[in-house]
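No value in this document is a laboratory result; all are computed from the given coordinates. Since we're looking at a predicted model, the values are computed, not measured. Note that we place each Cβ from the backbone using ideal geometry, even for glycine, and neighbour counts take in every protein chain shown.
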Ligand SMILES: [Zn+2]
C-alpha cells in the first residue's frame, strides 16, 4: 500500500542547513514536531527563543567538571590541533562552559578566550583565571581574528546553526581552523524516539537539542565558508554519566545505553579550514 507519510508539522518550514521545505515526521519533543529535510537528510526540531532561555536558566548543569571529557579534549589537541598551530596561536571557544577547552588550550601555550551566553558559566571560568565573557556570537564583531574557533556541543542547541558558521568564518583568520563537535544520531534511535516519545529526552536529548546532524548535513552547513574538512573519529561516551540512584533510573539508563549502542549513535567531529575568500557578511 502506497501511503503518504503523516505530516505532523503543520506549515512548511525551511531546513536550517539547505533551506529546502521540510516535513514533520514525529511529534517529539511533545509540543514540537521533529522535522526532516527530504533534500539533505537533516533532522531538526522547532523551539522559540523564550523556551530556549527557560531551558538554560540556573538549572542548566551543562558545565560540570568531567575528567573523562578533559582527557578526550587533551588527546584531540595533541593529535589534531597542535599540528595545525603556529607560534603565538589564538583560539576562541564558543560555549566555553566550565572552561575545559580553555584550560587545555592554555596549558599548551595557546592564547584561549571563551564566550558563553550563560553568566554562571562565564563567572566560573573567570573564577578559575580563564579569559571568558558573555557575548552573542551571532552578532559580535571581534577586534582581532583567531587561528582556531571551537564549537564543542554547541550547534545542536541552536535554532539557526548557519548564523554561527558564518560568524565563525568572520571570527577566523583566512586559513584558520574551525573545530565542530556535535552528537550523531542515526536512524534507529530517531525511529525509536518517534515511536516512544517519552524516550526522546534520553535518546535524543530533546528538548535541549534542536539539530540532529548527519555527516552529510554538517558538511553541507560548513561548505559555503569552509574547505578541507577532516572527520576525526571519536568514541561514543566522551562524558561521564551522572550517577543514577534509583533502580528504575538505572534500568532505564541500561535500556537507553543498549539502544544507543545498537543504533551506532556517537559523535561527529569535523575540522575545517576557513576559505580565504569566505563571504562573511550576512
Ligand atoms: Zn536540508
Completion exercise
Exposure proxy check on 265, 93: fewest-to-most Cβ neighbours within 10 Å is 265, 93
Practice task
Pop a pseudo-label 7 angstrom from the Cα along the beta-carbon direction at both residue 68 and residue 279 and give the gap in nm to one decimal.
Solution key: 4.4 nm
Fill in the blank from the handout: Quick note on 152, 177, ordering by fewest other C-beta atoms within 10 Å, gives 152, 177
Practice task
Mind computing the radius of gyration and Dmax over the alpha-carbon atoms of segment 64-274? Å is fine for both.
Solution key: 17.4, 53
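Using the 10 angstrom Cβ neighbour count as an exposure proxy, how do 167, 20 rank, fewest first?
Numbers: 167 22, 20 14.
Fewest-to-most Cβ neighbours within 10 Å comes out as 20, 167.
If the convex hull of the alpha-carbon atoms of segment 92-197 is projected onto planes in all directions, what is the mean projected area in square nanometres? The partial results should precede the final answer.
Numbers: hull surface 32.9 nm².
Averaged projected hull area, Cα only: 8.2 nm².
Give me the extension gain from residue 142 to residue 187: residue separation times 0.36 nm, minus the current Cα-Cα distance, reported in nm with one decimal. Intermediate values should be presented prior to the final figure.
On the way: separation 45, 0.36 × 45 = 16.20 nm, distance 3.90 nm.
Separation in residues times 0.36 nm, less the Cα-Cα distance, equals 12.3 nm.
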Problem - Ranked packing of 106-118, 188-200, most packed first, by mean Cβ within 10 Å - result: 106-118, 188-200
